[in-house]
Amino acid sequence: MRFFHLADLHLGKSLYGYSLIDEGDQPFWVDRLLEAADEYRPDAVVIAGDVYDRAIPPKEAVELLDRLLTALSQRNIPVLMVAGNHDSGPRLAFASDLLEREGVYIAGECQKELPQVTLEDEHGPVTFWLMPYLFPAAVRFALGREDLITYNQAVHVLLDAQPVDTTRRNVLVAHQFVTAGGAEPEQDGSETAVGGVGQVDADAFDAFDYVALGHIHAAQRVGRETVRYGGSPLPYSFSEVGQHKGLTLVELGEKGQVDVQLIELPALHRMRQVKGTLEELLTLGTEDASLREDYLRAVLTDVQMPPRTMERLRAVYPNLMEVARELPQAAQRAAGRTSQVKERPLEDLFRTFYTHQAGEIPDQAQEELAAFAAQQARQGALPELRRGESADKDTLALVDFALRRFGEEEQVCDPKN
């Protein structure tokens, strides 16, 4: 039995204002997936949740999923799909009874007995169990168990209640935050899982020959080799650059024989990071034309921010998504050690920051404005520290002080604006 393990498609996702459907990235990936299906001829395709990027997906995302499912159905390849935490289970499972006739099986919500699909090969039956993303409350309701509090308890009890025949081959499709003995999987900045929240230990899956997981974007094992995250098909943040992106090919032989292979799929746009001073990056972009097609993160190492930085970078890098700064070590030391920051007066921090950024010390007016802002912050009055109407009043007080102070010397604000 050979099947593709996919997860975290996030159809309809945008990155830094770039729609991955409008820019062609996700449609391009769908085409490459279908080519891989023609090449490897899987017996099934598993999609382990986060099919869409949000609960109410844009119509373009729905149309793209429709195209994918239709193409796989035309190839007589069954699809086994569960809802993730980004999906709306009821919406994803719409018309699921009708779709089953075309070999598309969808589990949208937690049920007392998990949906199961049995496929046959030369070694006999393989049963796929479909467990969508679940909260403990959903399991409490499904099983009538008010004592289930944690995710780990809920998943253990729910799976223990399933009539799994362990003498046969079983595959679980799930979308949860799974750990192994407390060790968390590799994560990155695009995921919302926070350490300790929603953890399910991998020993809950001991009855299954293979566990196809979604939720974490890096393809990896969790504990044993056959409990695996499929990973997202494309990088969805710059922290994912360098991870395997594509699909996981799983082959089940006789009971106990499982082979796993990671298949890379090309992307329409690579995500890359370039680092250097502004002048170095402008020169690099001129010399390497391929960078104009990539989604880029530029890390500037200039001690002072040059004028018109974004304008000049975008002229060379049309697909520039993010600009960050990384100061040389000497400049970092000059700005003061991080461990000492909390011990320094706010006025001193402002003076150091301003001198570092502007290359000159602040004048008297700027010092007075910084002193007023520092006083407000110490009183807990700045809008970052307070909410509601009081924050608006404090903002106006700060602006009023600045206008009165600078207005004594020169006009700095047009009243019409």
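The values are calculated or read from the model by the stated rules, or taken from the named source; none is laboratory data. Fair warning: this is a prediction, and the values are worked out from it, not measured in the lab. When we count neighbours, we look across all protein chains shown, and the Cβ atoms used for this are built from the backbone with ideal geometry, even at glycine. Ligands, DNA and RNA are stripped out before the accessible areas are found, and what is left, the full protein with its side chains, is counted by its heavy atoms. Shrake-Rupley method; radii C 1.70, N 1.55, O 1.52, S 1.80 Å.
Quick notes on this structure:
One line per residue, one yes/no per condition, for (1) in contact (Cβ under 8 Å) with a residue 60 or more places away in the chain; (2) among the charged types (D, E, K, R):
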| position | (1), (2) |
| --- | --- |
| Ser88 | no, no |
| Leu92 | no, no |
| Ala95 | no, no |
| Glu102 | no, yes |
| Ile106 | no, no |
| Thr118 | no, no |
| Glu122 | no, yes |
| Phe128 | yes, no |
| Met131 | no, no |
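- Residue match in the range 319-327 (condition: at pLDDT below 90, open to solvent by 70 Å² or more (accessible area, probe 1.4 Å) and among the acidic types (Asp, Glu)): yes
- Selected residue (criterion: farthest from the chain's Cα centre (by Cα)) from residues of the range 290-305 that are closer than 24 Å to Leu268 by Cβ and open to solvent by 50 Å² or more (accessible area, probe 1.4 Å): Arg292
- The range 162-203 - residue that is in a loop (DSSP other than H, G, I, E, B), of a type outside the set (S, T, N, Q) and modelled with pLDDT of 95 or more and, of those, least open to solvent (accessible area, probe 1.4 Å): Val164
Yes/no matrix, rows are residues, columns are (1) touching a strand residue (DSSP E or B) at 6+ places or on another chain (Cβ under 7 Å); (2) free of Cβ contacts under 8 Å to residues at least 60 places away in the same chain:
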| position | (1), (2) |
| --- | --- |
| Ala36 | yes, no |
| Tyr40 | yes, no |
| Ala44 | yes, no |
| Ala55 | no, yes |
| Ala61 | yes, yes |
| Ile77 | yes, yes |
| Leu80 | yes, no |
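- Unmet criterion (only one of (1) of a type in the set (D, E, K, R); (2) in contact (Cβ under 8 Å) with a residue 40 or more places away in the chain; (3) within 23 Å of Leu33 (Cβ to Cβ); (4) open to solvent by 20 Å² or more (accessible area, probe 1.4 Å)) for Lys255: (3)
- Strands (runs of 3 or more DSSP E) fully within the range 228-281 counting 3 or more residues that are in contact with a helix residue (DSSP H, G or I) (Cβ under 7 Å, 6 or more places away or on another chain): 271-276
- Those residues of the range 247-281 which are more than 30 Å from the chain's Cα centre (by Cα) and either under 20 Å from Val227 (Cβ atoms) or of a type outside the set (Asp, Glu) (or both), in sequence order: Gly253, Glu254, Lys255, Gly256, Gln257
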